[in-house]
1. Looking at region 36-72, which trypsin sites (Lys or Arg not before Pro) are DSSP coil and have at most 14 other C-beta atoms within 10 Å of their C-beta?
2. Counting only Cα, what are the radius of gyration and maximum Cα-Cα distance Dmax of region 25-87, in Å?
3. In whole percent, how big is the carbon plus sulfur part of the accessible area of region 25-87, probe 1.4 Å, protein atoms only?
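The values are calculated or read from the model by the stated rules, or taken from the named source; none is laboratory data. These figures come from a predicted structure and were not determined experimentally. Cβ atoms come from the backbone with ideal geometry, glycine included; neighbour counts cover every protein chain shown. Just the protein is used for accessible areas: all its heavy atoms, side chains included, with ligands, DNA and RNA removed. Shrake-Rupley method; radii C 1.70, N 1.55, O 1.52, S 1.80 Å.
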Amino acid sequence: MAVPRRNSPRPEDRRPLGGGVGWARAESGPDGDWLVRNISGAQAQKTYRCPGCDHEIRPGVPHVVAWPAEETGSVEERRHWHQGCWDSRGRRRPTTRRW
Ligand SMILES: [Zn+2]
């Protein structure tokens, strides 16, 4: 039985996004609607860069991953945030909004 070939090398990226799948929650903020998933320390196995503070999120650090709700088909839109940075993003007023 043929398995569709995907471009993504990482199994986690093959999961369906949004659509009420149940592993992500929807949040509305001043910057739009987002789908958000909590990442536990055990699940955090790579270093990410938080767009809120521009500092690294180290492996083992619980954090959140969020992506625009209207971009449910694009895993490239996902961003990893410190929990606190995500919670305070509406107050932080970033000067650049390239993403
Ligand atoms: Zn941060």
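1. Passing sites in region 36-72 are 46.
2. When restricted to Cα atoms, region 25-87 yields Rg and Dmax of 11.2, 31 Å.
3. Ligands and nucleic acids excluded, carbon and sulfur give 46 percent.
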